[in-house]
Amino acid sequence: MLLLAGAMTAARALRAQQLTLPVVGYLGPGAPESARPFRSAFLNGLAETGYVEGRNVVIEYRWAEGKYDRLPGLAGELVSHQVAVIVTGGATPTALAAKAATGTIPIVFVLGSDPVQFDLPRFPPLRLIRRLPSEHAVLSDDGQASDNP
């Protein structure tokens with residue numbers, strides 16, 4: 001009986017610890033297999049800043065599987081889970097779906113085009129910590145592109 005009580009206490013403590021970890025929402029336009037290189041780079045970038053999935057950050061993944069009409073609902077799920085930030089995989093509709101789903105959760109996005117053209121920087125303001133490969137936008141809080149974040 002004492003062993004069972006100890007196991008229950010340990011499980012409760014583990015659940016409490018998991019509840020306090022930051023949660024990142026990841027919204028992908030395709031399938032997990034097709035996003036493997038970007039996901040790997042994303043996880044490596046998190047690790048460089050001290051965040052390791054499953055250890056001190058939780059990542060909630062949502063995949064549209066190429067069905068862009070699913071993006072608004074998937075973005076809404078991430079918002080309802082109260083993620084700390086939403087990261088979108090490389091498609092303009094993905095970033096737009098995240099933007100439409102929230103006005104308060106920061107969004108980190110990857111685009112091959114000018115994000116200002118799609119009115120993405122205005123709401124919410126974004127800041128990235130470091131310069132990513134050339135196709136990625138780096139925006140300051142005032143929405144201005146910068147080479148020196």
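The values are calculated or read from the model by the stated rules, or taken from the named source; none is laboratory data. Owing to the predicted nature of the structure, the values given are computational and were not obtained by experimental measurement. Cβ sites come from the backbone with ideal geometry, for glycine too, and all protein chains shown count toward neighbours.
Of the set (1) over 20 Å from A101 (Cα atoms); (2) among the charged types (D, E, K, R); (3) over 15 Å from the mean Cα position of the chain (by Cα), all apply to K67 but (1). Only one entry in L96, L74 is outside any loop (DSSP other than H, G, I, E, B) and modelled with pLDDT of 95 or more, namely L74.
For the stretch 23-54, a residue qualifies if it is closer than 17 Å to V108 by Cα and among the hydrophobic types (A, V, I, L, M, F, W, C), and the qualifying residues are V23, V24, L27, A35, F38, A41, F42, L43, L46, A47. The condition (being surrounded by 15 or more Cβ atoms within 10 Å (Cβ to Cβ), hydrophobic (A, V, I, L, M, F, W, C), modelled with pLDDT of 90 or more and not in a helix (DSSP H, G or I)) is satisfied by just one residue among V87, V79, V108: V87. Once the stretch 41-64 is narrowed to residues that are of a type in the set (A, V, I, L, M, F, W, C) and assigned to a helix (DSSP H, G or I), the residue that is farthest from K99 (Cα to Cα) is A47. All of P125, P149 fail the test of being surrounded by fewer than 20 Cβ atoms within 10 Å (Cβ to Cβ), touching an Asp or Glu at 6+ places or on another chain (Cβ under 6 Å) and either at pLDDT 90 or above or farther than 19 Å from P29 by Cα (or both), apart from P125. Of the residues examined, G54 is one that is surrounded by fewer than 10 Cβ atoms within 10 Å (Cβ to Cβ), modelled with pLDDT of 90 or more and not basic (K, R).
Every residue, every condition in (1) surrounded by 15 or more Cβ atoms within 10 Å (Cβ to Cβ); (2) touching a Lys or Arg at 6+ places or on another chain (Cβ under 8 Å); (3) of a type in the set (D, E); (4) closer than 15 Å to V85 by Cβ, yes or no:
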{"position": "P22", "(1), (2), (3), (4)": "no, no, no, yes"}
{"position": "G25", "(1), (2), (3), (4)": "yes, yes, no, yes"}
{"position": "R39", "(1), (2), (3), (4)": "yes, no, no, no"}
{"position": "F42", "(1), (2), (3), (4)": "yes, no, no, yes"}
{"position": "G66", "(1), (2), (3), (4)": "no, no, no, no"}
{"position": "L74", "(1), (2), (3), (4)": "yes, yes, no, no"}
